[in-house]
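The values are calculated or read from the model by the stated rules, or taken from the named source; none is laboratory data. Computed from a prediction, not measured in an experiment: that's the story for all the values here. When we count neighbours, we look across all protein chains shown, and the Cβ atoms used for this are built from the backbone with ideal geometry, even at glycine. Surface areas here come from the heavy atoms of the whole protein model, side chains and all, with no ligands, DNA or RNA. Shrake-Rupley method; radii C 1.70, N 1.55, O 1.52, S 1.80 Å.
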Amino acid sequence: MSLRALNYLELESQLERSGIGTAARQQRAALSRTDVEVITSPWRGGSLPRAALSAATGRGAFADFDVAHCNLIGPGTVAVARHAKSEGIPLVLHTHVTREDFAESFRGSGAIAPALGRYLKWFYSQADLVLCPSEYTKSVLESYPVDAPIRPITNGVDVDALAGFEDLRAEYRERYDLEGMVVFAVGNVFERKGLTAFCELAEETEYDFAWFGTVDDGPHASETVKRWTRNPPENVTFTGWVDDIRGAFGAGDVFCFPAKVENQGIVVLEAMACGKAVVLRDIPVFDEFYTHGEDCLKCSTRAEFRRALELLERDPDLRRRLGENARETAAEHGLDRVGERLEATYEALAEGRLPA
């Protein structure tokens, strides 16, 4: 008999364009390749209003599931966690948010981060099992400390969803007026992801730079994001949201990601799956997955980033070699493996034991 698992992402519609949204979609795509039956709403009837009506008529507010796997940290997830604990349902909390990676994301996020850390310590400690994307993130959680078993599992990469990116190259380069060796980034525009380093690097070089991703200019946008995106260097294009992310990987040549903090970085795996040469900031999490000189180049200073770009422009063979090796690295994070791990995790917890 197959397990029925809740895979819940609170505020899912608002997080569609985020890395958390991508991670949850990939979990579900991975589980679709297994015998696990997945539901995505914890509420009986599929919505809170219907759940409230169901509760009022004595049938309960929650749907039936054997394992609860939650991807966010808000009040809806807290309600699911309380229900799971009261009913003896195994509870898996997936770490996509830490105090460290929340800082430098939104206006005032640095000031909020310490209080968030205290909340996350309590929140994740409720779990029967905490899943996280990397050994680095596990060490962060242990430092809080989180009082629950913690297991790293890759976010994976949906290689099939990127198929055909090459066919969009000409269209997207023309759309955004990009020429030559295009240095690019993908994802929401945050300072934590290396925005200032990206723009200052562009100022020191003559390559076309493009950042494909949502630019938040609302009241909670950071002043740093507003400053760079409203008055960017002449050779930097901020595209805003693009409907087909494959176009970004088609248009770009060198993926440059000077992020300060990451739990894994799905977008790095996506660039690698497309065979792009990748230049990363040398931070601990990337040491787990990538090797300098084999499937990427790692840099610590702006001067090193500049020399890396110059080297990749002069040496197309190096670009190709790094890209080919990067594609092999990405293949190790395929969704088949993610699905197998998740299925084994659910089965172990349903049997009252921890997964290996």
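General observations
- Candidate values (i) 140; (ii) 173; (iii) 163, label of the one derived for volume of the Cα convex hull per residue in Å³: (i)
- About its Cα centre, the dipole of the chain is roughly 1260 debye, where the only charges are +1 on Lys and Arg Cβ and -1 on Asp and Glu Cβ.
- Alpha-carbon centroid distance for the pair region 290-312 / region 181-237, whole angstrom: 19 Å
- The helix-based estimate of mean residue ellipticity at 222 nm for the chain, built from -39,500 (n - 2.57) per DSSP H run of four or more residues and divided by its residue count, is -12500 deg cm²/dmol to the nearest 500.
- Full extension of the chain segment joining residue 203 with residue 301 gains 33.8 nm, where the gain is 0.36 nm per residue of separation less the Cα-Cα distance.
- Low-density loop positions, chymotrypsin sites (Phe, Trp or Tyr not before Pro), region 281-356 - DSSP coil, at most 13 other Cβ in 10 Å: none
- To put it simply, the accessible area of the chain at a 1.4 Å probe is 48 percent carbon and sulfur.
- For region 5-74, the relative contact order comes to 46 percent (Cα pairs under 8 Å, sequence separation of at least 6).
- Restraint check, 85/260; 138/260; 121/260; 226/260; 121/193, Cα-Cα greater than 29 Å: 85/260
- The chain: relative contact order in percent, alpha carbon pairs under 8 Å with at least 6 residues between: 18 percent
- Among 42, 57, 13 - extreme Cα towards positive end, dipole of region 1-85, charges at beta-carbon: 57
- The slack in the chain from residue 112 to residue 85, taken as 0.36 nm per residue of separation less the alpha-carbon distance, amounts to 6.9 nm.
- Working from label points 7 Å from Cα in the Cα-to-Cβ sense, the residue 53 to residue 283 distance is 4.6 nm.
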